[in-house]
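Each value in this text was obtained by applying a stated rule to the coordinates, not by laboratory testing. What you see is a predicted model; the values in this text were computed from it and never measured. Because the Cβ atoms are built from the backbone with ideal geometry, glycine has one as well, and the counts that use them run over all protein chains shown.
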Amino acid sequence: MSDLVETSAKDGILTIRMNRPDKKNALTMAMYEDMAKAIKDADKNPDIRVVMITGSGDSFCAGNDLQDFISNPPKNEKSSPVLAFLEAISEAKVPLVAAVNGTAVGIGVTMLLHCDFVYVAKDAPMSLPFVNLGLVPEAGASLLLPRLAGHAKAAELLMLGEPFTAQTALEIGIANKLCETADVEATALKTAKKLASKPREALVETKSLLKREFESVAKRIDEEAKVFKKCLESADCKEALTAFKEKRKPKFN
Ligand code: COA
C-alpha cells in the first residue's frame, strides 16, 4: 500500500483516505490499485462491515492524474488498476459511505454513483469534464447519471462539463446530505457507525438486492472503457492533456 492511500480500521469501519493533497488527491495507477485492494479485502473480511472513503486536504479527488493519462494510459483489460478499482467499487458487497470533503472532479464524482451514502461539503465544487479532455464518461456514469438525474440534466453535466455545486449533487440524488466542510467526516462516520452496528449479512443482502441490475453496469463500464481508450489516443485528448500541463487553454481541431 503506497502512502498516497491511507487505510485504517476501527469498530468494523474501514476508512480509505486518498492522501495526495498537493495534487488535489488526483489518482495514480498505484492509488487505484491500493483502493481496489482495500475494498476487495474489506468484502472478504467478516470484521469489516462498512467502508468509508474520503480525501485529505481541501479536496476529495481531482480525478485521474492527468500526467498518468499520458505516461500510464489505462488498458482495456481487467488487470488495469482503473478497471480493478471500478470493479471493486461497483460490486462492493459492504456498504460504502463517502465523505466528500472538497473538490470532486471526474472519477471523484463518478465513484460516488457507486456509494450508498454520500455526504458532501456544501462548498465543494464538482465537475465531470471528460468531454473537455476529448474523453467520455467512465465508471458506468453514462448509464447511472441519466438514470438518476434524467437525460436533460445528465447531458448538461456530461456534455458541457462545467462545474456544478454540491447543491446540484443533492438535488439530482448523487448526495444524501450537504454539511459544513468541518462536519463532513463526522457526519459520514455517524452513518458508518450506525451501519456497523447492524447484522452484516442482512446489510450485504439488502445492498445486493438494491443493486440487482449491476450486471448491466458492469457491461457499461466495459463499453465505456473501450471508447475511453480510443479517445485517450485522439489528437484532441493529447492536446487537452498537454494544455493542462502547460497551464493554457486547449485548441481543438
Ligand atoms: N492530475 C494531475 N495533477 C493535478 C490534477 C490531476 N487531475 N488536478 C490537480 N492537479 C495538480 C495541479 O497540476 C497542481 O499541481 P502543481 O502545484 O504542481 O502545479 C496541483 O494539483 C493543484 O492544482 P491547481 O490547479 O493549482 O488547484 P486549483 O484549486 O486551482 O484547481 C482543480 C483544482 C481540481 C479544479 C484543477 O486542478 C483541475 O481542473 N484539475 C484537473 C481535473 C481533471 O481534469 N481531472 C480529470 C477528469 S477526467
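Overview of results
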| read-out | value |
| --- | --- |
| Rounded to whole Hz, the Karplus (6.51, -1.76, 1.60) HN-Hα couplings of region 15-22, x for glycine and proline | 9, 10, 10, 6, 10, 9, x, 5 |
| Interchain or long-range residues, amide H under 5 Å from residue 65's placed H | 27, 28 |
| Extension reserve of the residue 211-residue 3 stretch, reckoned as 0.36 nm per residue once the Cα distance is removed | 71.7 nm |
| Distant-in-sequence amide H partners of residue 56 (H built 1.01 Å from N, under 5 Å) | 18, 20 |
| Trypsin sites (Lys or Arg not before Pro) restricted to DSSP loop in region 176-249 with at most 10 other C-beta within 10 Å | 212, 247, 248 |
| Full-extension gain in nm, residue 23 to residue 202, via 0.36 nm per residue minus C-alpha separation | 60.5 nm |
| Karplus 3J(HN,Hα) series, Hz, for region 141-153 with 6.51 cos²θ - 1.76 cosθ + 1.60 (x for Gly, Pro) | 5, 5, 9, 6, 5, x, 5, 7, 9, x, 4, 4, 5 |
| Computed label-point distance, nm, for sites residue 10 and residue 218 using a 7 Å Cα→Cβ extension | 3.5 nm |
| Local electrostatic count, residue 146, Cβ distance below 12 Å [Lys/Arg +1, Asp/Glu -1] | +2 |
| Amide H contacts under 5 Å for residue 5, placed H, 5+ residues apart | 19 |
| Residues 103, 187, 206, sorted so that the one with the fewest Cβ neighbours within 10 Å comes first | 206, 187, 103 |
| FRET efficiency for residue 171 and residue 47, using Cβ-Cβ distance with R0 set to 45 Å, rounded to 0.05 | 0.75 |
